[in-house]
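Engineer: Just passing along the structure, written as structure tokens.
Every number here is computed from the coordinates shown, using simple stated rules; none is lab data. Computed from a predicted model, the values in this text were never measured in an experiment. Backbone-built Cβ (ideal geometry, glycine too); neighbour counts: all protein chains shown.
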Amino acid sequence: MKNQYLIDLIETVKKRNPGEPEFLQAIQEVLESLEPVIDQHPEFIEKGVLASIVEPERIIKFRVPWLDDNGNVQINRGFRVQFNSAIGPYKGGLRFHPSVYEGIIKFLGFEQIFKNSLTGLPIGGAKGGSDFDPKGKSDLEVMRFCQSFMTELSKHIGADTDIPAGDIGVGAREIGYLFGQYKRIQNGFSGVLTGKGLSYGGSLVRKEATGYGLCYFTEEMLKDKGKSFEGKTVVISGSGNVAIYAAEKAMQLGGKVVTFSDSNGYIYDKNGVDLDLVKQLKEVERKRIKEYVTVHPEAEYHEGCSGVWNVKCDIALPCATQNELDIESAKALVSGGVIAVAEGANMPSTPEAIEIFQANGVLFGPAKAANAGGVATSALEMSQNSIRYQWTFEETDARLRDIMIDIYKKSAEAAKKYGMEDNLVAGANIAGFLKVADAMMAYGVV
Ligand code: NDP
């Protein structure tokens with residue numbers, strides 16, 4: 001990077017946010033790819049747009065006390081980072097995982113600004129969560145935690161202010177408890193959360209949206225180069241919401257999915273995975289992925305989740321967590337003949353891994369473009385709540401597919417316009433940024 005303003009800005013962000021490597025990684029990637037835009041538009045510097053966009057509008061941090069099943073008081077930390085509301089109310093998921101701290105939520109909130117902008121829908125960027133671990137907790141413990149978390153969060157959100165959704169560790173069960181508590185506190189039924197159950201304001205396709213959207217994006221990226229999912233071997237990491245529905249759509253599009261993983265290890269089924277079994281194990285019984293081989297002894301289970309990238313494949317879809325795919329994993333995928341990698345998780349590939357893909361001509365779909373289907377369908381849920389109506393599955397799915405195709409096109413066009421053809425990382429950052437920057441310029445200093 002040559003632009004001195006951007007170099008200095010990254011230094012300032014480093015100084016202001018010590019001990020938050022994920023946040024710095026996200027900032028660095030975005031600012032680096034904006035360099036050609038900034039060179040042509042010095043007004044973004046002069047009007048303070050860049051200095052503002054790296055600073056959250058508001059950070060809310062709170063204590064979450066709750067009682068476990070033995071009657072002991074437990075204390076967790078809750079966060080909501082309301083990063084940018086230039087183009088719409090704050091929107092972004094809640095993550096419940098022991099690794100959560102302010103830096104993770106800031107990185108996710110920052111990424112969300114550009115992702116939400118790319119959807120073309122009027123939503124700003126935010127993220128929230130807690131270091132609470134739902135794993136191994138009873139339903140009643142999860143309920144008491146969610147009620148306590150929402151008791152504080154409810155003071156800061158609203159259908160026109162900030163609309164949270166799910167993320168790691170926050171699925172249908174948690175959203176139900178959170179929404180029930182919000183409704184009780186506010187004495188009003190509003191669309192304040194998305195990912196709601198179908199009986200209380202949820203949208204069809206929301207559950208499937210991130211995984212399906214990831215495959216619609218990948219399909220378009222492949223199509224642009226005369227390729228498709230048909231007959232391809234697909235490696236997927238994770239076995240949560242995004243991974244399961246990415247697998248479902250990849251299979252519908254003619255791919256053969258051969259892996260799933262969790263934080264302990266991965267399964268490899270050379271015959272193609274039994275998706276109904278994975279849904280039963282993960283969505284209903286909340287078991288570990290290794291249980292797969294008790295039903296399918298012909299499949300393999302390996303300890304350690306990063307080994308999944310050694311499985312030879314044509315298409316890789318990382319759908320677990322940030323920085324799960326490093327330089328060694330990227331090299332293994334390239335030597336296995338991978339032709340396309342698209343990110344279902346947020347920032348799953350390290351910067352060095354992305355360099356390997358780009359240097360070897362692997363098609364690469366970055367998270368903020370490729371996994372935007374979840375938040376896009378959340379925005380469709382907000383629209384349906386506002387008009388008090390529910391679209392059919394087919395109608396909502398068709399809108400999702402159109403949005404993903406549009407995101408691919410916008411990202412590819414922006415990359416080409418700024419001299420970085422086929423670099424979708426840069427294209428997505430630029431296309432997402434320009435709309436938000438334009439709105440921020442219109443407001444003056446705010
Ligand atoms: P889930 O909680 O449903 O599933 C998460 C999966 O990732 C689990 O299989 C989990 O395994 C695995 N995982 C989590 N942490 C780690 C870790 N440190 N190392 C290895 N594996 C890990 O979450 P989602 O499927 O909703 O989210 C997955 C990713 O997709 C996240 O990056 C999220 O931010 C992103 N995303 C999600 C969206 C959504 O709509 N849900 C929208 C856009 C992005 P284990 O059970 O062992 O923890």
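Engineer: In the neighborhood of Asp326, defined by Cβ-to-Cβ distances under 12 Å, what is the net charge if each Lys or Arg adds +1 and each Asp or Glu adds -1?
Structural biologist: On the way: positive: Lys331; negative: Glu324, Glu328, Glu352, Glu355.
Around Asp326, the surrounding residues sum to -3.
Engineer: Counting other Cβ atoms within 10 Å, which GluC sites (Glu not before Pro) in the range 356-425 have at most 13 and lie in a DSSP loop?
Structural biologist: Glu421
Engineer: Straight distance only, please: which lysines reach the Cα of Lys47 with their own Cα at less than 19 Å, same-chain residues fewer than 8 apart left out?
Structural biologist: Lys435
Engineer: Grab the beta carbon distance between Ile7 and Asn360, set R0 = 25 Å, and tell me the FRET efficiency rounded to 0.05. Write out the running numbers ahead of the final one.
Structural biologist: Values: r = 29 Å, r/R0 = 1.14.
The formula returns an efficiency of 0.30 here.
Engineer: Anyone know which of Lys223, Lys61, Lys331 comes out most mobile in the 10 Å Cα GNM of the chain?
Structural biologist: Ranking Lys223, Lys61, Lys331 by mean-square fluctuation puts Lys223 first.
Engineer: Going out from 0 in 10 Å bins, what whole percent of all Cα-Cα distances in the range 223-338 drops into each bin?
Structural biologist: 15, 50, 31, 5, 0
Engineer: What helices does the chain have that are whole DSSP H segments, at least 15 Å long along their own axis by Cα, and with mean Kyte-Doolittle hydropathy of 0.0 or more?
Structural biologist: Details: long enough: 4-16 (18 Å, -0.31); 21-40 (29 Å, 0.07); 102-118 (24 Å, 0.36); 139-153 (21 Å, 0.25); 172-186 (21 Å, -0.63); 206-223 (26 Å, -0.61); 241-252 (17 Å, 0.17); 373-386 (20 Å, -0.06); 393-417 (36 Å, -0.77); 424-443 (29 Å, 1.24).
Sorted by number, the helices that extend far enough and score high enough are 21-40, 102-118, 139-153, 241-252, 424-443.
Engineer: Where Rh denotes the Kirkwood radius from the mean inverse Cα pair distance, what is Rg over Rh for the range 138-296?
Structural biologist: Working: Rg = 18.3 Å, Rh = 17.5 Å.
In the range 138-296, Rg relative to Rh is 1.05.
Engineer: Within 13 Å, Cβ to Cβ, of Tyr101, how many net charges do the neighbouring residues add up to if Lys/Arg are +1 and Asp/Glu are -1?
Structural biologist: +1
Engineer: Oh, and also: In Å and from the alpha-carbon atoms only, list the Rg and Dmax of the range 193-248.
Structural biologist: 13.7, 43
Engineer: Rounded to whole Å and sorted largest first, what semi-axes of the equivalent ellipsoid does the C-alpha gyration tensor of the range 92-150 yield via the square root of 5 times each eigenvalue? Please list the in-between numbers first.
Structural biologist: Details: eigenvalues 141, 32, 14 Å².
In descending order, the three semi-axes are 27, 13, 8 Å.
Engineer: Can you list, bin by bin at 5 Å, the percent of alpha carbon pairs in the range 337-446, starting at 0?
Structural biologist: Whole-percent P(r) values from 0 Å outward: 2, 11, 17, 19, 17, 15, 11, 6, 3, 1, 0.
Engineer: Could you tell me the largest-minus-smallest coordinate of the C-alpha atoms of the range 262-413 on each of the three principal axes, in descending order and whole angstroms?
Structural biologist: Result for the range 262-413: principal-axis Cα extents of 49, 41, 24 Å.
Engineer: Suppose R0 equals 35 Å. What FRET efficiency, 1/(1 + (r/R0)^6) with r the Cβ-Cβ distance, do Glu413 and Ala172 give to the nearest 0.05?
Structural biologist: Numbers: r = 37 Å, r/R0 = 1.05.
E between Glu413 and Ala172, to the nearest 0.05, is 0.45.
Engineer: Continuing with the same structure: Would you compute the Debye intensity of the range 210-275 from its alpha-carbon atoms alone, equal scatterers and no solvent, and pass along log10 I(q)/I(0) at q = 0.13, 0.14, 0.22, 0.26 Å⁻¹ to two decimals?
Structural biologist: After summing over all Cα pairs, the log10 values are -0.32, -0.37, -0.86, -1.12.
Engineer: Then there is this: Looking only at the range 89-205, where both bridge partners belong to it, what percent of the DSSP beta bridges are antiparallel (to the nearest 5)?
Structural biologist: Given both bridge residues lie in the range 89-205, the antiparallel proportion sits at roughly 20 percent.
Engineer: Hey, another quick one. Which chymotrypsin sites (Phe, Trp or Tyr not before Pro) in the range 347-420 pass both tests, a DSSP loop state and at most 13 other beta-carbon atoms within 10 Å?
Structural biologist: Values: sites: Phe357, Phe364, Tyr389, Trp391, Phe393, Tyr408, Tyr418; in loops: Tyr389, Trp391, Tyr418.
Filter output for the range 347-420: Tyr389.
Engineer: Counting DSSP beta bridges in the chain, what percent are antiparallel, to the nearest 5?
Structural biologist: Numbers: 25 of 45 bridges.
Approximately 55 percent, going by the DSSP bridge assignments.
Engineer: Can I ask one more? Between Lys155 and Val284, with labels modelled 7 Å along Cα→Cβ, what's the label distance in nm to one decimal, could you check?
Structural biologist: It works out to 4.3 nm between the two label points.
Engineer: To make sure I understand the rule: partners must be lysines, Cα under 22 Å from the Cα of Lys290, and not fewer than 8 residues away in the same chain. Which ones qualify?
Structural biologist: Reachable lysines: Lys135, Lys137, Lys256, Lys270, Lys279, Lys282, Lys312.
Engineer: Which order do Tyr212, Tyr90, Tyr101 fall in if you start with the one that has the fewest other Cβ atoms within 10 Å? List each step's numbers first, then the result.
Structural biologist: Working: Tyr212 26, Tyr90 29, Tyr101 15.
Listed from fewest to most nearby Cβ atoms, that is Tyr101, Tyr212, Tyr90.
Engineer: If I build a Gaussian network model for the chain, linking alpha-carbon pairs within less than 10 angstrom, which residue out of Ala246, Ala316, Ala172 has the largest mean-square fluctuation?
Structural biologist: Result for the chain, Cα springs under 10 Å: Ala172 fluctuates most.
Engineer: Give the average over all directions of the projected area of the C-alpha convex hull of the range 306-386, one decimal, in nm².
Structural biologist: On the way: hull surface 21.5 nm².
So the mean shadow area of the Cα hull is 5.4 nm².
Engineer: Work out how much length Val293 to Glu352 would gain on full extension: take 0.36 nm times their residue separation and subtract the Cα-Cα distance, in nm to one decimal. Working shown, then result.
Structural biologist: On the way: separation 59, 0.36 × 59 = 21.24 nm, distance 3.36 nm.
Roughly 17.9 nm would be gained on extension.
Engineer: Calculate I(q)/I(0) for the range 138-208 by the Debye formula, one identical point scatterer on each C-alpha and no solvent, and give its log10 at q = 0.11, 0.17, 0.24, 0.25 Å⁻¹ to two decimals.
Structural biologist: -0.23, -0.57, -1.15, -1.24
Engineer: In the range 27-66, if every C-alpha pair distance is counted and binned at 10 Å from zero, what percent goes to each bin?
Structural biologist: For the range 27-66, the pair-distance distribution reads 23, 41, 17, 12, 7, 1.
Engineer: Highest GNM mean-square fluctuation, the chain, Cα pairs closer than 10 Å: which of Gly124, Gly254, Gly365?
Structural biologist: Gly254
Engineer: Calculate the radius of gyration of the Cα atoms of the chain to one decimal place, then report Dmax, the largest Cα-Cα distance, as a whole number, both in Å.
Structural biologist: For the chain, the Cα radius of gyration and maximum Cα-Cα distance read 20.9, 63 Å.
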